[in-house]
1. Counting only protein heavy atoms and a 1.4 Å probe, tell me what percentage of the range 128-175's accessible area is made up of carbon and sulfur.
2. List the extent of the Cα atoms of the range 29-175 along each of their three principal axes, largest first, rounded to whole Å.
3. Going from most exposed to least, what order do Asp3, Asp163 have by accessible area with a 1.4 Å probe?
4. For a quick check of your reading of the filter: which GluC sites (Glu not before Pro) in the range 93-161 sit in a DSSP loop and have no more than 13 other Cβ atoms within 10 Å?
5. List the GluC sites (Glu not before Pro) within the range 26-99 that DSSP assigns to loop and that have no more than 10 neighbouring Cβ atoms inside 10 Å.
6. For the range 22-107, just the Cα atoms, rotate onto the principal axes and tell me the three extents in Å, largest first.
7. Whenever you get a sec, compute what percent of the accessible area on the range 69-118 sits on carbon and sulfur atoms (1.4 Å probe).
8. To the nearest 10 Å², what's Thr64's accessible area with a 1.4 Å probe?
Amino acid sequence: MADLTFNTTGGVIVARELLIAYLNTSTSSTPVWSVVGKRVEDSSMEMDWGEETKNDILGDTYTTLRKPTITQTFEPVELDGADAAAVSIWNKAIKDHDYAALAAMDMLIVHFYAGTEATPFAERYTSCAVRPTGLGGEGGGSLNMPFDVTYGGTRTTGTASKDSTTGEITYTPAA
């Protein structure tokens, strides 16, 4: 794949709203991509490159990197019946304690700022671990279920498109 450019106006910073995580709330063959992190104010993908630095016998320093382990925390996630991703995670974690399903979630990251506006760059991870870290909140407030995601499994890159009427996301793997 050739290098991509940002499809935003030069000199203007890229808005955070242009990097969105989606959870497949259907099947792998007919995915339904549901936004993850509704109402979350701050969330970043953290990348651990497994950096190792060594000095050889001549005193030269060399650094190696490994394929990154990418994690992301979503907190607080205020539970909302219209939030399909949160409902799916709640059912697997709280209702069923289905740890196997939580360790095999299908996720899509769409970089709406990269590539073209109509078909931005996207990356799909087929076996992500989604780990709720709590359930609760302050009295008189909302019920929260914060969770961490470790992106894993097979990573495929491609493009996404967003239906202007329904907001439905369609992912197309690169050839």
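The values are calculated or read from the model by the stated rules, or taken from the named source; none is laboratory data. Here the structure is a predicted model, which is why all the values come from computation and not from measurement. In this analysis, Cβ positions are derived from the backbone assuming ideal geometry, glycine residues included, and neighbour counts consider all displayed protein chains. For the accessible areas, the whole protein counts, side chains as well, though only heavy atoms, and no ligand, DNA or RNA atoms are used. Shrake-Rupley method; radii C 1.70, N 1.55, O 1.52, S 1.80 Å.
1. Using a 1.4 Å probe with all protein chains present, the range 128-175 comes out at 49 percent carbon and sulfur.
2. Cα spread of the range 29-175 along its principal axes, largest to smallest: 63, 40, 29 Å.
3. Result of the area sort, largest leading: Asp3, Asp163.
4. Passing sites in the range 93-161 are Glu117, Glu138.
5. Answer in residue order: Glu41, Glu51.
6. So the extents along the principal axes, rounded to whole Å, are 62, 30, 24.
7. 57
8. For Thr64, solvent-accessible area is about 80 Å².
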